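Novice: Can you read through this structure? Questions will come right after.
The values are calculated or read from the model by the stated rules, or taken from the named source; none is laboratory data. Since the structure is predicted, the reported quantities are computational estimates derived from the model, not experimental observations. A quick note on method: Cβ atoms are made from the backbone with ideal geometry, for glycine too, and the neighbour counts reach across all protein chains shown. Ligands, DNA and RNA are stripped out before the accessible areas are found, and what is left, the full protein with its side chains, is counted by its heavy atoms. Shrake-Rupley method; radii C 1.70, N 1.55, O 1.52, S 1.80 Å.
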Amino acid sequence: VSTLSASGRAGDLRSFHHADFPAERLAAQRTSTVSVCVPTRACAATIGRTVDALLGLRDRDVVDEVVVVDAASLDGTSAIAARRGARVVQEVELLPEFGPVLGKGDAMWRALSVLEGEIVVYVDGDSADFGAHFALGVLGPLVTDPKLQLVKGSFRRPLQIGDTVVPDGGGRVTELCARPLLRAFYPELAAFRQPLAGETAARRTLLERLPFATGYGVETGLLIDAYEAVGLAGLAQCDLDTRQNDHQSLHALGAMAYAVVQALAARLVGAGRLDALAPSTGELVHRPPLALVGHGRSGDAP
Ligand SMILES: Nc1nc2c(ncn2[C@@H]2O[C@H](COP(=O)(O)OP(=O)(O)OP(=O)(O)O)[C@@H](O)[C@H]2O)c(=O)[nH]1
Ligand SMILES: [Mg+2]
């Protein structure tokens, strides 16, 4: 019986459902400290709900800290998050010796320098329907299986146009760019339903020895590099049900798709599988593994 499908060889990738990881179970079973990091750029409409849910997990001893890393948002995001009780840091204040902050991936990388947990859970701050299960789902497999190193969320993304909801219409960059490219060049990774999900948890020992693409290529880069570092057996995905956020213009999606292409192409070039990108395409800036630049906390050399 062939198990090959459009989604790749899902049979080889460990897949979980968030319902298997209620808060009480993780609080009782965890032996590692856990930080949750929320990168935000203008998330005033959604950050309150997100922080409330995450602080609920801190109160129940599932996680140890909740840190919002804000891009100097002018819409009150940081004030809302701080008022609800999150620790808020401005991305420009982190590792200033590396110059201007160059996007989401850069914020995630710089945040590692102040996050204290042995496990880091990243969640986006712009989910309209955020629930604690977003963090529980990606954290759970790491708490319950010491062999796992990185877990990505998966979800269905409804697309709403006017009054019409297309259940799986969202995630266009994912379906039209990231997954086809992964399927072509890293077929085992095609089993990830949401390779670009911001909901990702990993052990900091792994994160500190990986480079971070500075912008929207960060998820693609981390997934490929984690795969090269620990193999498919160290990776997993967890079903978080549905996730709803604002949909961007086709123009903005084009820029995101390009960041995905750049991050993937850079790894193909590095592996000798591709000569080079055209010189005019511009270099994608990567931050080096944190452990290489003297800011590692876990003590592991890359
Ligand atoms: N600190 C920081 N956060 C950012 C930056 N860019 C994006 N974010 C946040 O990172 C998260 C994901 O970014 P989005 O722009 O929503 O990207 P996305 O979720 O991949 O794209 P969509 O699926 O279209 O929403 C959100 O919480 C953003 O507010 C940045 O430069 N700095
Ligand atoms: Mg988003």
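Novice: Rounded if a/c is under 1.5, else prolate if a/b beats b/c, else oblate: with a ≥ b ≥ c from the C-alpha gyration tensor eigenvalues square-rooted, which is region 211-258? Can you show the working numbers first?
Specialist: Numbers: a/c = 3.53, a/b = 1.41, b/c = 2.50.
In terms of gyration-tensor shape, oblate.
Novice: If you stretched the chain out fully between residue 24 and residue 166, how much longer would it get, using 0.36 nm times the residue separation minus the C-alpha to C-alpha distance?
Specialist: 47.6 nm
Novice: Can you give me the C-alpha center-to-center distance between region 207-261 and region 140-172, rounded to a whole angstrom?
Specialist: 12
Novice: Could you check which residue among 188, 24, 219 shows the biggest mean-square fluctuation in a GNM of the chain with a 10 Å Cα cutoff?
Specialist: Comparing 188, 24, 219 in a Gaussian network model of the chain, the most mobile one is 24.
Novice: Return the ratio Rg/(2.2 N^0.38 Å) for region 1-153, where Rg is computed over Cα atoms only.
Specialist: On the way: Rg = 16.6 Å, N = 153, 2.2 N^0.38 = 14.9 Å.
Normalised Cα radius of gyration, region 1-153: 1.11.
Novice: Leaving ligands, DNA and RNA out of it, report the carbon-plus-sulfur percent of the accessible area of the chain at a 1.4 Å probe.
Specialist: 54
Novice: Report the percentage of all Cα-Cα pairs in region 106-201 whose separation exceeds 15 Å, rounded to a whole percent. Display every interim value, and only then the final one.
Specialist: Details: 3144 of 4560 pairs.
Tail of the P(r) past 15 Å holds 69 percent of the pairs.
Novice: Just for the chain, what percent of DSSP beta bridges are antiparallel, to the closest 5? Let's see the in-between values first.
Specialist: Numbers: 12 of 36 bridges.
Approximately 35 percent, going by the DSSP bridge assignments.
Novice: Amide H neighbours of residue 40 under 5 Å, at least 5 residues apart or on other chains, H built in the peptide plane: list them.
Specialist: Amide H neighbours of residue 40, under 5 Å, 5+ apart: 69, 70, 71.
Novice: Further, regarding this structure: Tell me the mean residue ellipticity at 222 nm calculated for the chain from its helices only (DSSP H runs of n ≥ 4, each -39500 (n - 2.57), averaged over every residue, nearest 500).
Specialist: Rounded to the nearest 500, the figure is -9500 deg cm²/dmol.
Novice: Using amide H atoms built 1.01 Å from N in the peptide plane, name the residues 5+ places from residue 214, or on other chains, whose amide H lies under 5 Å from its own.
Specialist: 285, 287
Novice: Rounded to the nearest whole Å², what accessible area per residue is found for region 141-252 with the 1.4 Å probe? Show your work: numbers first, answer last.
Specialist: Numbers: 4240 Å² over 112 residues.
I get 38 Å² per residue for this part.
Novice: What helices does the chain have that are whole DSSP H segments, at least 24 Å long along their own axis by Cα, and with mean Kyte-Doolittle hydropathy of 0.5 or more?
Specialist: 250-270
Novice: Using every pair of alpha-carbon atoms in the chain, split the distances into 10 Å bins beginning at 0 and state the percent of pairs per bin, rounded to integers.
Specialist: Bin by bin from 0 Å, the calculated values are 6, 29, 38, 23, 4, 0.
Novice: Percent of Cα-Cα pairs more than 20 Å apart in region 156-225, please.
Specialist: Working: 921 of 2415 pairs.
The proportion of pairs with Cα distances above 20 Å equals 38 percent.
Novice: For residue 238, list long-range residues whose amide hydrogen, built 1.01 Å from N in the peptide plane, is under 5 Å from its own amide hydrogen.
Specialist: Residues meeting the amide H criterion: 16, 152, 153, 154.
Novice: For region 185-190, take each phi angle, set θ = phi - 60°, evaluate the Karplus expression 6.51 cos²θ - 1.76 cosθ + 1.60, and give the result in whole Hz per residue in order, putting x for glycine and proline.
Specialist: Karplus-based 3J(HN,Hα) across region 185-190 equals 10, 9, x, 5, 7, 5 Hz.
Novice: Can you pull the three principal axis extents for the Cα set of region 211-302, in Å, largest first?
Specialist: Per principal axis, max minus min of the Cα coordinates gives 43, 41, 26 Å.
Novice: Around residue 226, what is the net charge, scoring Lys/Arg as +1 and Asp/Glu as -1 over all other residues with Cβ under 13 Å from its Cβ?
Specialist: 0
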